[in-house]
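Worksheet: one structure, shown below.
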Ligand code: PAF
């Protein structure tokens, strides 16, 4: 159980208890469950920032002050391909514990790799026989560039769900494809876990918060704002339909230097393709991935696309000019 340190209006600041292995975690959770507490869970790979803090706050909202908020900090080798940035991934446990404390987290589960993969794990590979097949969506978008990534993500999330057995788990919309796949897995494998998405938190200049941002040099960090600027440019003309919005986004990208685009795609909220003709305003996601130096960044934004019947397309230029 956590130690309650301070009461403020509407919140309780708590010192999280650190569980380093499965047994410690199970003991801490048994007490909470016996008391009927709901368990809210945020899986992370550490290097926590305000984006993660907002996920913890959402988990607290979901389970209430009597519930237990658990986070895990585990850099999962299976979701990194050999040669990706597994070794460079920032590891900052002491600072992470402070972020968890600031959000009233009850339990921080920070296991070693052999606690999670007793059969052995390396970058992109495990000696364990069973992993989660993430299905066809995992070969698109991020999966087209990182073909083994979502197998690694869903396998570790399934394991962590099994260890924590949360009522509700919170994932950031920043990794939108991950959120969609985890939600599908939770349903398809009948985990009983409710998966909640939380909005992306951005820096004042628009860049989506990410643990990898700290790997960027000041120059690349400045250029990285192109991702969110591109999304916003598309948003600005989205009511004229997909073609116009994509053209605005591409015009923005043409001004970017040293940004190597992997994809820029509109999808429906479940990440299925957007039909060519829309007969009414439609909620979609615009997703972007690009490389800056040897760092790869992703971002996405929800947009409302206007109808794209031929009449709507023909009216576009004049209507745009008349706008105030
Ligand atoms: O989003 C992340 O940080 C990771 O992919 C996750 C969900 C913790 C699984 O390792």
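Figures for the structure shown
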read-out: Cβ pairs under 8 Å, 6+ apart, first in the stretch 153-177 and closer than 14 Å to residue 115 by Cα and in a helix (DSSP H, G or I), second within 11 Å of the ligand (Cβ to nearest atom) and at pLDDT below 95; value: none
read-out: Meets criteria (touching a helix residue (DSSP H, G or I) at 6+ places or on another chain (Cβ under 7 Å) and at pLDDT 95 or above) for residue 297; value: no
read-out: Qualifying residue in the stretch 137-151 (condition: closer than 24 Å to residue 32 by Cα, in a loop (DSSP other than H, G, I, E, B) and within 15 Å of the ligand (Cβ to nearest atom)); value: no
read-out: Filter pass, residue 222 being more than 18 Å from residue 271 (Cα to Cα), assigned to a helix (DSSP H, G or I), away from the ligand (no atom under 16 Å from the Cβ) and at pLDDT below 95; value: yes
read-out: Flag for residue 203 being more than 12 Å from the ligand (Cβ to nearest atom) and under 23 Å from residue 70 (Cα atoms); value: no
read-out: Residue 75 at pLDDT 95 or above, under 24 Å from residue 181 (Cα atoms), buried (at least 16 other Cβ atoms within 10 Å of the Cβ) and out of contact with any helix residue (DSSP H, G or I) (no Cβ under 6 Å at 6 or more places or on another chain); value: yes
read-out: Selection status of residue 181, in contact (Cβ under 8 Å) with a residue 40 or more places away in the chain, in a helix (DSSP H, G or I) and under 30 Å from residue 229 (Cα atoms); value: yes
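Residues checked against (1) closer than 26 Å to residue 110 by Cα; (2) surrounded by 23 or more Cβ atoms within 10 Å (Cβ to Cβ):
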{"position": "155", "(1), (2)": "yes, yes"}
{"position": "181", "(1), (2)": "yes, yes"}
{"position": "194", "(1), (2)": "yes, no"}
{"position": "203", "(1), (2)": "no, no"}
{"position": "214", "(1), (2)": "yes, no"}
{"position": "220", "(1), (2)": "no, no"}
{"position": "226", "(1), (2)": "no, yes"}
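Yes/no per residue for (1) assigned to a helix (DSSP H, G or I); (2) away from the ligand (no atom under 14 Å from the Cβ); (3) modelled with pLDDT under 95; (4) under 24 Å from residue 192 (Cβ atoms):
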| position | (1), (2), (3), (4) |
| --- | --- |
| 37 | no, yes, no, yes |
| 54 | yes, no, no, no |
| 65 | no, yes, no, yes |
| 89 | no, no, yes, no |
| 95 | yes, yes, no, no |
| 104 | no, yes, no, no |
| 108 | no, no, no, yes |
| 119 | no, yes, no, no |
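The values are calculated or read from the model by the stated rules, or taken from the named source; none is laboratory data. Because the structure is a prediction, the values reported are computed rather than measured. Because the Cβ atoms are built from the backbone with ideal geometry, glycine has one as well, and the counts that use them run over all protein chains shown.
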